[in-house]
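**Student:** Just passing along the structure, written as structure tokens.
The values are calculated or read from the model by the stated rules, or taken from the named source; none is laboratory data. Every value quoted in this text rests on a predicted model; they were computed, and no experiment measured them. As a convention, Cβ positions derive from the backbone with ideal geometry for all residues, glycine included, and neighbour counts pool all protein chains shown.
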Amino acid sequence: MNQTLRKDANQIVTASIRAVLPDEAVERALKAFSPRGGRTLLVAAGKAAWQMAYAAVAALGHVDGGVVVTKYDHIRGNIPGVDCYEAGHPVPDENGFAATGKALDLISDLSVDDTVLFLLSGGGSALFEQPLLPGEELQDITRQLLACGADIVEINTICKRLSRVKGGRFAEACAPAQVFSVVLSDILGDPLDMIASGPAYPDKSTCAEALAVVEKYKLAFSAQAMELLRRETPQVLANVTTQITGSVRELCAAAAAECRALGYEPVLLTDQLCCEAREAGSMLASILRTHRGDRKKLAYIAGGETVVHLTGKGLGGRNQELALAAAPGLAGLKAAVFSVGSDGTDGPTDAAGGYADGETAAALAAKGLDAFAVLHENDAYHALSKVNGLITTGPTGTNVNDVAVALLLP
């Protein structure tokens, strides 16, 4: 392993994530928050929910009640006046259903003078859920969507129609109270109806689009689920004000700034990356091979969210697959490719992402591993763990997509 490149990678990851932590972003958004004089209730959902709620209560001084629903191991302490719950992600579970029920109970009897501060971040689609069909069936549908290679918009187009809270239904349940929604975006282009399946935003997707996703991926849905897909979601919500705070653009800008501070010339390739993870990794390695021999340090940055089409039964995530897929193309170069999820987790693992450099392919071979065979089994986690290729940050408290960086030394 090239220790210089690995050290630089670690610094870039740390600086990038630090720049998109929600504390200051939430405080900025709350400058426009004007409660009506009745009760102020807080509901926060998503991977960054605890951090956002903590920052909001600190800024406001107090709330009259609240519920936080976040991922396991993401609660960092008590928040005055707020009940905090942990639940399953990316597949919703009974704890999430129960916690969402607590949130619905909290807002069940509001007046026109009350205000709901709704803090939303990525992962909320799984964590903030009250299904309109049996929980086990929703879990099966979620697994089908994750395994088939559907992107996040396609997944959420389906999920919002199977839920009591998604697709604008949570804000509808809050009426006549006003909802002030603060959103930490984890979807390219910041489509408010799709972030966490849009619990507090009018649904712009259609029943026809949902049915088309089922047909496209040949999904196995029950008659009840198909009937729910044909029901329209709220198209207009008069009681919601929304503020977007934080996105993948800021993540990429922070990565570029740290690359520049380390002496690299940064090039932003895209903040709209949305292809197969292994294709993205191969592409980044190809770019580095094209520029080998340049007499300056280069850094190529790509932000977004790739997808994984499961072909095996291994362990890993999209960022680990991206890094591992770059390894063959990096062989022999003074170069590295690494990719991380800003939330600090990558799929069902404890890693935030993966790292590979010009020595990784040889190191894998010495362990009897072939990168292409490992990718076919979707087992990047175990392979990278054997060559010090995992990037581990722990839960970060934010979630604004992923960033991949390709570094090249002269």
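**Student:** Of the residues that make up segment 72-89, is at least one β-branched (Val, Ile, Thr), under 30 Å from Asp140 (Cβ atoms) and in the same structural domain as Gly198 (by TED's automatic domain parsing)?
**Tutor:** yes
**Student:** Determine the pairs where a residue that is assigned to a helix (DSSP H, G or I), located within segment 201-212, has a partner that is charged (D, E, K, R) with Cβ atoms under 8 Å apart, the partner being 6 or more residues away or on another chain.
**Tutor:** Short answer, once both residue conditions are applied: Cys207/Arg161; Cys207/Arg230; Cys207/Arg231; Cys207/Glu232; Ala210/Arg161; Leu211/Arg230.
**Student:** Let me ask you something else. Among the residues of segment 125-140, are any without any contact (Cβ under 8 Å) to a residue 24 or more places away in the chain and not charged (D, E, K, R)?
**Tutor:** yes
**Student:** In addition: If you take the residues of segment 11-28 that are at pLDDT 90 or above and surrounded by 17 or more Cβ atoms within 10 Å (Cβ to Cβ), which of them is nearest to the chain's Cα centre (by Cα)?
**Tutor:** Ile17
**Student:** Hey, another quick one. Select from segment 342-393 the residues that are over 22 Å from Tyr72 (Cα atoms) and in contact with a Pro (Cβ under 8 Å, 6 or more places away or on another chain) and write down the one among them that is surrounded by the fewest Cβ atoms within 10 Å (Cβ to Cβ).
**Tutor:** For segment 342-393, the residue satisfying everything is Phe372.
Residue-wise test of (1) surrounded by 18 or more Cβ atoms within 10 Å (Cβ to Cβ); (2) under 26 Å from the mean Cα position of the chain (by Cα); (3) of a type in the set (Ser, Thr, Tyr); (4) at pLDDT below 95.
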site: Tyr201; (1), (2), (3), (4): yes, yes, yes, yes
site: Thr206; (1), (2), (3), (4): no, yes, yes, yes
site: Ala225; (1), (2), (3), (4): yes, yes, no, no
site: Arg249; (1), (2), (3), (4): yes, yes, no, yes
site: Glu265; (1), (2), (3), (4): no, no, no, no
site: Thr270; (1), (2), (3), (4): no, yes, yes, no
site: Glu279; (1), (2), (3), (4): no, yes, no, no
site: Ala285; (1), (2), (3), (4): yes, yes, no, no
site: Asp294; (1), (2), (3), (4): no, no, no, yes
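**Student:** Are any residues in segment 150-207 acidic (Asp, Glu) and under 20 Å from Arg231 (Cβ atoms), and if so, which ones?
**Tutor:** Glu154, Glu172, Asp193, Asp203
**Student:** State the number of residues belonging to segment 361-391 that are within 16 Å of Asn10 (Cβ to Cβ) and in contact with a Gly (Cβ under 8 Å, 6 or more places away or on another chain).
**Tutor:** Total satisfying the criteria: 4.
**Student:** Of a type in the set (Gly, Ala, Ser), part of a strand (DSSP E or B) and buried (at least 24 other Cβ atoms within 10 Å of the Cβ), is that true of Ala406?
**Tutor:** When the stated conditions are applied, Ala406 passes them.
**Student:** Another one. From the list Ala48, Ala98, exactly one residue is surrounded by 24 or more Cβ atoms within 10 Å (Cβ to Cβ), aliphatic (A, V, I, L, M) and in contact (Cβ under 8 Å) with a residue 12 or more places away in the chain. Which is it?
**Tutor:** Selected residue: Ala48, the only one of Ala48, Ala98 that is surrounded by 24 or more Cβ atoms within 10 Å (Cβ to Cβ), aliphatic (A, V, I, L, M) and in contact (Cβ under 8 Å) with a residue 12 or more places away in the chain.
**Student:** Just to be sure I understand, how many residues within segment 306-344 are touching a helix residue (DSSP H, G or I) at 6+ places or on another chain (Cβ under 6 Å), closer than 24 Å to Leu184 by Cα and in a loop (DSSP other than H, G, I, E, B)?
**Tutor:** Within segment 306-344, residues that are touching a helix residue (DSSP H, G or I) at 6+ places or on another chain (Cβ under 6 Å), closer than 24 Å to Leu184 by Cα and in a loop (DSSP other than H, G, I, E, B) number 3.
**Student:** Among the numbered criteria (1) in contact with a strand residue (DSSP E or B) (Cβ under 6 Å, 6 or more places away or on another chain); (2) within 30 Å of Lys31 (Cβ to Cβ); (3) not charged (D, E, K, R), which one does Asn95 miss?
**Tutor:** Result: Asn95 fails condition (2) only.
**Student:** Could you please let me know if Glu232 is part of a helix (DSSP H, G or I) and either of a type in the set (Asp, Glu) or under 30 Å from Arg6 (Cα atoms) (or both)?
**Tutor:** Here the answer is no, as Glu232 does not meet what is asked.
**Student:** Return the total of residues in segment 61-74 being buried (at least 17 other Cβ atoms within 10 Å of the Cβ) and at pLDDT below 95.
**Tutor:** Residues that pass the stated criteria total 2.
**Student:** Given Gly368, Gly354, Gly347, which one is within 13 Å of Val387 (Cα to Cα) and part of a loop (DSSP other than H, G, I, E, B)?
**Tutor:** Only one candidate passes the filter, namely Gly368.
**Student:** Here are some residues: Thr70, Thr4. Which one is polar (S, T, N, Q), in contact (Cβ under 8 Å) with a residue 40 or more places away in the chain and touching a helix residue (DSSP H, G or I) at 6+ places or on another chain (Cβ under 9 Å)?
**Tutor:** Of Thr70, Thr4, the one residue that is polar (S, T, N, Q), in contact (Cβ under 8 Å) with a residue 40 or more places away in the chain and touching a helix residue (DSSP H, G or I) at 6+ places or on another chain (Cβ under 9 Å) is Thr70.
**Student:** Output the number of the condition that Lys166 fails; it satisfies all remaining conditions of (1) over 21 Å from the mean Cα position of the chain (by Cα); (2) crowded, with 21+ Cβ neighbours inside 10 Å; (3) charged (D, E, K, R).
**Tutor:** Against the list (1) over 21 Å from the mean Cα position of the chain (by Cα); (2) crowded, with 21+ Cβ neighbours inside 10 Å; (3) charged (D, E, K, R), Lys166 comes up short only on (1).
**Student:** Can you tell me which residue in segment 113-126 is nearest to Leu145 (Cα to Cα), limited to those that are hydrophobic (A, V, I, L, M, F, W, C) and modelled with pLDDT under 95?
**Tutor:** Residue satisfying both the conditions and the ranking: Ala126.
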